[in-house]
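J.: Structure below; questions to follow.
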């Protein structure tokens, strides 16, 4: 048994169609965790609140979906991409609902989503909505929103240039 904290690295070898699980020293994953996407972070209590078999299935489903979303050759146990799109749509609906009640966390999260939509769809309307949400969250004292508001003129100008290039 190891005396150091270990992380679990799951590697999908698409060519050999194998999943390889590496228990690795946490110190060797520090740089990876610092620069990559924040990850999916369910609370342990979420899994402990259900029967063991269900928790194992949920975690397994989550792992398979993340593997497929990041692979060229999908494992294909389910249509994870469609499920992810559906889950994201539900997440955005929840943000919309909560933002209407002036929830600053929801407003800030929805700002991030709308900024992404503006950039992806080259939408000035989505950019304007993103700014409204950012300002609303910042006015309520949301720290991340206040920080983002400081750099908003630069982000907005970059988005407007990209939208203009796409429209041309």
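The values are calculated or read from the model by the stated rules, or taken from the named source; none is laboratory data. No experiment lies behind these values; they were computed from the predicted model shown. When we count neighbours, we look across all protein chains shown, and the Cβ atoms used for this are built from the backbone with ideal geometry, even at glycine.
J.: Quick check: anything in the stretch 29-44 within 30 Å of residue 141 (Cα to Cα), at pLDDT below 90 and assigned by TED's automatic domain parsing to the domain that holds residue 159? So that I can check it myself, show each step before the final result.
T.: Quick first cut of the stretch 29-44, residues within 30 Å of residue 141 (Cα to Cα) only: 33-44.
With at pLDDT below 90 added as a condition, the list becomes 33-43.
Now restrict to residues that are assigned by TED's automatic domain parsing to the domain that holds residue 159: none.
For the stretch 29-44, residues within 30 Å of residue 141 (Cα to Cα), at pLDDT below 90 and assigned by TED's automatic domain parsing to the domain that holds residue 159: absent.
J.: Turning to a different aspect of this structure: So residue 64 ticks every box in (1) closer than 30 Å to residue 11 by Cβ; (2) surrounded by fewer than 18 Cβ atoms within 10 Å (Cβ to Cβ) but one. Which box is left unticked?
T.: (2)
J.: Among the numbered criteria (1) surrounded by 13 or more Cβ atoms within 10 Å (Cβ to Cβ); (2) more than 26 Å from residue 130 (Cβ to Cβ), which one does residue 92 miss?
T.: That leaves (2) as the condition not met.
J.: Among the numbered criteria (1) touching a helix residue (DSSP H, G or I) at 6+ places or on another chain (Cβ under 8 Å); (2) over 30 Å from residue 135 (Cα atoms); (3) not in a helix (DSSP H, G or I), which single criterion is violated by residue 40?
T.: (2)
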